[in-house]
Amino acid sequence: MLKKIFSIDTKYYDNGNVKFNVVKIFGHICLYLYRGYKVDFSFADAFKKYFKSNNMDLKIKKLKQNMDELSCEYIDHFMRISKFWGKYLTKNYWSAYDKKLINKYEKMSFEQPYPDITTFNKLTFYNKYGLINLSDEVLASVNGKDIIDIGGLNGDTALIFKSLFPESAIYVYEPLSKNIDVIKNIAQRANQVGGGAIVPFCKGLGDKQEIIDITFNYSEKCEITTLDKDYKGSCIGLIKMDTEGFESKIVEGASSLIKQYKPVLIIAIYHTPEDFFEIKDKILNLNPDYKFMIRRSEFINFSTELVLIAY
């Protein structure tokens, strides 16, 4: 009898970060408002499929091999979060280390460098795109060598690299014309302070030369080339890649340069499960002397912005 009078339907309606549970009371349908955080992750289906078709205990063990403790914590935290993709939580599910950094950075003041051009996330700048834990020795070894910023977007990483490596030329690859226009304006201003110049290129990088359609709020035909063919400098000190899933192809198209110079690599690994669990081995095959760590480049979504740093 009670079951007929009071029951809870497992279906729900959602509106952003607000969840509405459907509750049936005395035969009437009521909406119960429950506020929480929906764990959105655009690449969840690909990861779930990968989890089912692989021995994940072995994959995780291999990924953690020779990683520092914080990197292993990030891997474990990512796997815990995967159980909540598409569901709701009562609070943001940042790791303890991330919470500590966010709390620290949010208390710090930040002056937008070029507010008339675009707005930047201050947490990204203070976190140095995940480079804050690299030793002074490693950072010093990069300064003065060329930096390749692949996936320049709004120019934030180019400015971060210019502050960290003031003597380095920074070559920014961004295939979308709207983004490259912003980067060109930033470069024009930033280059006036001297030191190494920010040099934008309106093209993308991959494993071969081609023209492809890229959709990012709008569609555009974009030129793609390889770094091995396009680079005309004398020495690369750092390569950053954040290209919505093209990272493995970029590594393949830059294999000769990676072998030759052993630059520091910063690679976004959360776009595909193959990158997350396998791109480390691809880099080791190019140069077995690399060491690795996993860090968070930004603090936008606790399922994303994880980068593999090879040094």
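The values are calculated or read from the model by the stated rules, or taken from the named source; none is laboratory data. Since we're looking at a predicted model, the values are computed, not measured. All Cβ positions, even for glycine, are placed from backbone atoms using ideal geometry, and neighbour counts span all protein chains on display. Each accessible area value is taken on the protein alone, full model and side chains, heavy atoms only, with ligands, DNA and RNA left out. Shrake-Rupley method; radii C 1.70, N 1.55, O 1.52, S 1.80 Å.
Key figures for this structure:
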item: Calculated semi-axes √(5λ) of the Cα gyration tensor in Å (choose from (i) 32, 27, 17; (ii) 29, 26, 16; (iii) 39, 23, 20), label; result: (iii)
item: In nm, spacing of pseudo-spin labels at Q65 and Q260 (7 Å Cα→C-beta vector); result: 3.0
item: In nm, spacing of pseudo-spin labels at E210 and N55 (7 Å Cα→C-beta vector); result: 3.3
item: Contact order relative to length of the chain, as percent, for alpha carbon pairs under 8 angstrom and 6 or more apart; result: 16
item: Which listed pairs, of K49/K282; K38/K104; K64/K280, have C-alpha distances above 18 Å, in listed order; result: K49/K282; K38/K104
item: Built amide H within the under 5 Å cut-off of K38, gap 5+; result: L89
item: FRET efficiency, 1/(1 + (r/R0)^6) with R0 22 Å, evaluated for I132 and N103 via beta carbons; result: 0.90
item: Full-extension gain in nm, Y218 to E274, via 0.36 nm per residue minus C-alpha separation; result: 17.5 nm
item: Added length on full extension, which subtracts the Cα-Cα distance from 0.36 nm per residue, V193 to A46; result: 48.5 nm
item: Surface share of carbon and sulfur [accessible, 1.4 angstrom probe, percent] for the chain; result: 51
item: Cα extents of segment 194-257 along the three principal axes, largest first (Å); result: 35, 30, 17
item: Of G194, G245, G237, the one that fluctuates the most in a GNM where the chain has Cα springs shorter than 10 Å; result: G194
item: Antiparallel DSSP beta bridges within segment 202-273, as percent of all bridges there, nearest 5; result: 50
item: Under the Karplus curve 6.51 cos²θ - 1.76 cosθ + 1.60, θ = phi - 60°, whole-Hz ³J(HN,Hα) for segment 293-300, x wherever Gly or Pro sits; result: 8, 10, 9, 9, 7, 9, 10, 10
item: Excluding exposed DSSP-loop GluC sites (Glu not before Pro) (at most 15 other C-beta within 10 Å), longest clean stretch of the chain; result: 1-110
item: Residue among D289, D213, D156 with the largest mean-square fluctuation in a Gaussian network model of the chain, springs linking Cα atoms under 10 Å; result: D213
item: Span per principal axis, largest first, for the Cα atoms of segment 90-236 (Å); result: 44, 39, 31
